[in-house]
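The values are calculated or read from the model by the stated rules, or taken from the named source; none is laboratory data. These figures come from a predicted structure and were not determined experimentally. Cβ: placed from backbone, ideal geometry, glycine included. Neighbour counts: every protein chain shown. Surface accessibility is based on the protein's heavy atoms, side chains included, excluding ligands, DNA and RNA. Shrake-Rupley method; radii C 1.70, N 1.55, O 1.52, S 1.80 Å.
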Amino acid sequence: MKLYEYEAKEIVSKHGVKVPRGFLAASINEVRDAVKKLGGEVVLKSQVLLGRRGISGGIRFAKTLKEAEEASLELLKMRISGEEVKQLLVEERICVDKELYLALTIDRPRRAYAILASTLGGVEVEELVKRYPNALIKITVDPVTGPALFTSRWLVEFYNLSKDLEPQVLKIIDSAWRLVVEYDAELVEFNPLALSCSGELIALDVKIVIDDNSLYRHRGLMDKAYRGLSDAEAIAKRHGLSYVELSGNIGILCNGAGLTMATMDLVKIYGGEPANFLDIGGGASSDQVREGVKLLLTNPRVKVILVNVFGGITRCDEVAEGVISAISEVGSVKPIVVRLIGTNDSIGRGILMEKGVKAFSSLREAVATAVELAR
Amino acid sequence: MKSTAILVNEDTRVLVQGITGRQGAFHTKLMIDYGTKVVAGVTPGKGGSSIHGVPVYNSVLSALRKHPEINTSIVFVPAQYSLDAVLEALEAGIEIVVVITEGIPLRDELILVNKARSMDRTIVGPNTPGVISPGVGKVGIMPSQAFSRGVIGVVSRSGTLTYEVSMEISEVGLGQSTVVGIGGDPVTGLDFVEVYEMFINDLATKAIVIIGEIGGDAEERLADHIKRSGVEKPTLAYIAGMTAPPGKRMGHAGAIISMGLGTWDSKRKALENAGVMVFKAPWEISRALLNII
């Protein structure tokens, strides 16, 4: 779950990290007030959770009140990757000498956290890794004890900063680590981290991603997890399903991300187009399956539904019951191709058969049938 | 005669943590039916009862006092309590801990995996279907009908896809020596490289099947390893997600930055470059194995 930039900046500034002075604005009037309070040149930043804001034109600079009004009129009408811009962060424009990159995230191979630092700020980290690996260093962070003391020393040296700035670097590292410990952050990114003309380190943008699995221990963040989701994604999330909308007409529902992706691949290989990725996870109840199938039944783009479940911890009888109750609730006439195998599969197939739904045991046959029906 | 299976063999004696829960109880029965020696279970507060004839204790400590032969634990406890359950198993001296639970916070996973490594113990998972050595025993939740005793070692990041590929391997009559799910989360205890090495050293395994998926760099790291060590046993791979659109997060595990790696093509290239055959449909693997073995 991602936080808005203004929320992220609020948290890190409480930790003593310097951020530009700024105000949140949802209307032209509020923008006007903010510009007057700030005085001088401002930056208007769309507050969105998805997409690449900079490239989409979601950030504007304004020298005068009039320019700010004009820019914000446009921004407040914008959509970025489908997401409406409802709020702007209006900030003082900082005179920048140098832009740096600093992030704390997971290092999978080392099974630890890591600080990533680069002298090329403002660039996306994927770009940095691919194109400028020499301008990037990685410092391992122990998942129990946190960043070692030498980390700030290394960073000051690597960034070629004056020694006086070490306490500021330390504050930034500490803030990132507190976000891991107190909020279960899986990514804290300061990008760009500016060395200002007056010689201060200022976080121009801050991105915080919280581990979704940890939300039960951060009750205050729980409602925020639904922001930026489409209606279908929100329904799926509420029922513990993982859902991604795609462009085809074959609705897919499986158990496990790997099997779901494999089923999508096979549908494509057989000449069909998946309408979605829908993973019911492990051990889903019939209620969860029902809600998942309903999502697909009520999606007008879906012509055929392909359910592919290989029961392990998931029981095929629960799946069958979910499918049947979704059909009876929606009263739909869309063809449903079911492939059921594994734990309790004969009970599951019996439940389906009773209601006239044929269940395959062969994956090949099921995929071929679904693709044929979707033509 | 002793089998040479990895991780789960004739000496495996199992403790079930979270045995009185819905999944714990259900799969305890299935494991026993399969022939696994499940000797005790733990659920705090439910000590003194029994599930499918297996005695339940309040703590791992009291279970181990009564049954010192326990060397393996399988964890079904809810995600909120999984870190504590694993730490309890490690402290009590259990060698192999199989963590079935899905949805454990990443930070908890990092802590438990590092703790186990510092104690030289083995974590399988989290978010794994477990381990099965067909005909010998299973410590997991996989449907036994998909597996048969044989010569193929299977290691996978995906639960259900493992069943799919294994069933194909069973159907062509080759069967599996051991099947290991390393788990689908960004951080796992055992990884591809470690299990691959176990299979290389396992006399019962003649060929190795890798089941991966897009995201992360576990497959690329394995490819690096094989490239350095040379192909010692025929190795085949299936990677899910060939047609997944870039930039979309498929499932819960894909979000963490992957250093520019993680696409289907990057995995295929890396593996092929190391001498591993990569296939596009699960059933192509079993056919190819028939030609090799």
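What the table below lists for this structure:
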{"quantity": "Sole exception among (1) open to solvent by less than 10 Å² (accessible area, probe 1.4 Å); (2) under 19 Å from the mean Cα position of the chain (by Cα); (3) more than 7 Å from chain B (Cβ to nearest Cβ); (4) not aliphatic (A, V, I, L, M) for A:T263, by number", "calculated": "(2)"}
{"quantity": "Only one of B:G181, B:G173 that is open to solvent by less than 10 Å² (accessible area, probe 1.4 Å) and either touching a Ser or Thr at 6+ places or on another chain (Cβ under 9 Å) or of a type outside the set (A, V, I, L, M) (or both)", "calculated": "B:G181"}
{"quantity": "Every residue from the stretch B:66-117 that is assigned to a loop (DSSP other than H, G, I, E, B), within 14 Å of chain A (Cβ to nearest Cβ) and either over 22 Å from A:D184 (Cα atoms) or among the small types (G, A, S) (or both)", "calculated": "B:F76, B:G103"}
{"quantity": "Given (1) part of a helix (DSSP H, G or I); (2) within 22 Å of the chain's Cα centre (by Cα); (3) of a type outside the set (D, E, K, R), index of the condition A:L278 fails", "calculated": "(1)"}
{"quantity": "Residue check for B:A116: in contact with a Phe, Trp or Tyr (Cβ under 9 Å, 6 or more places away or on another chain), open to solvent by less than 10 Å² (accessible area, probe 1.4 Å), hydrophobic (A, V, I, L, M, F, W, C) and at pLDDT 95 or above", "calculated": "no"}
{"quantity": "Whichever residue in the stretch A:82-127 is on the phi > 0 side of the Ramachandran plot and either in contact (Cβ under 8 Å) with a residue 60 or more places away in the chain or outside the structural domain of A:L204 (by TED's automatic domain parsing) (or both) and, among such residues, is surrounded by the most Cβ atoms within 10 Å (Cβ to Cβ)", "calculated": "A:G122"}
{"quantity": "Residues of the stretch B:145-160 that turn out to be in contact with a helix residue (DSSP H, G or I) (Cβ under 6 Å, 6 or more places away or on another chain) and at pLDDT below 95, as a count", "calculated": "2"}
{"quantity": "Selection count, the stretch A:40-64, where residues are open to solvent by 40 Å² or more (accessible area, probe 1.4 Å) and among the small types (G, A, S)", "calculated": "4"}
{"quantity": "Answer from A:A176, A:A232, A:A185 - the residue that is more than 12 Å from chain B (Cβ to nearest Cβ), open to solvent by less than 50 Å² (accessible area, probe 1.4 Å) and under 28 Å from A:P147 (Cβ atoms)", "calculated": "A:A176"}
{"quantity": "Enumeration of residues in the stretch B:197-211 that are touching a Leu at 6+ places or on another chain (Cβ under 8 Å) and buried (at least 24 other Cβ atoms within 10 Å of the Cβ)", "calculated": "B:I208, B:V209, B:I210, B:I211"}
{"quantity": "In the stretch B:144-162, residue farthest from the other protein chains (Cβ to nearest Cβ) [restricted to those that are open to solvent by 10 Å² or more (accessible area, probe 1.4 Å) and either aromatic (F, W, Y) or assigned to a loop (DSSP other than H, G, I, E, B) (or both)]", "calculated": "B:S148"}
{"quantity": "Unique match (being touching a Phe, Trp or Tyr at 6+ places or on another chain (Cβ under 7 Å) and over 30 Å from B:S118 (Cα atoms)) among A:A8, A:A68, A:A34", "calculated": "A:A34"}
{"quantity": "Selection count, the stretch B:56-65, where residues are crowded, with 23+ Cβ neighbours inside 10 Å and either under 18 Å from the mean Cα position of the chain (by Cα) or in a helix (DSSP H, G or I) (or both)", "calculated": "2"}
{"quantity": "Residue tally, condition hydrophobic (A, V, I, L, M, F, W, C) and assigned to a loop (DSSP other than H, G, I, E, B), over the stretch A:308-329", "calculated": "1"}
{"quantity": "Selection count where residues are in contact with a Pro (Cβ under 9 Å, 6 or more places away or on another chain) and modelled with pLDDT of 75 or more, scope the stretch B:241-264", "calculated": "2"}
{"quantity": "Candidate set from the stretch B:17-55 (those that are within 14 Å of another protein chain (Cβ to nearest Cβ) and outside any helix (DSSP H, G or I)); member that is nearest to the chain's Cα centre (by Cα)", "calculated": "B:G18"}
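For (1) in contact (Cβ under 8 Å) with a residue 24 or more places away in the chain; (2) open to solvent by 20 Å² or more (accessible area, probe 1.4 Å); (3) within 15 Å of B:A244 (Cα to Cα), each residue gets a yes or a no:
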| position | (1), (2), (3) |
| --- | --- |
| A:D211 | yes, no, no |
| A:L215 | yes, no, no |
| A:H218 | yes, yes, no |
| A:D223 | no, yes, no |
| A:R227 | yes, yes, no |
| A:A236 | yes, no, no |
| A:V244 | yes, no, yes |
| A:I252 | yes, no, yes |
| A:V267 | yes, no, yes |
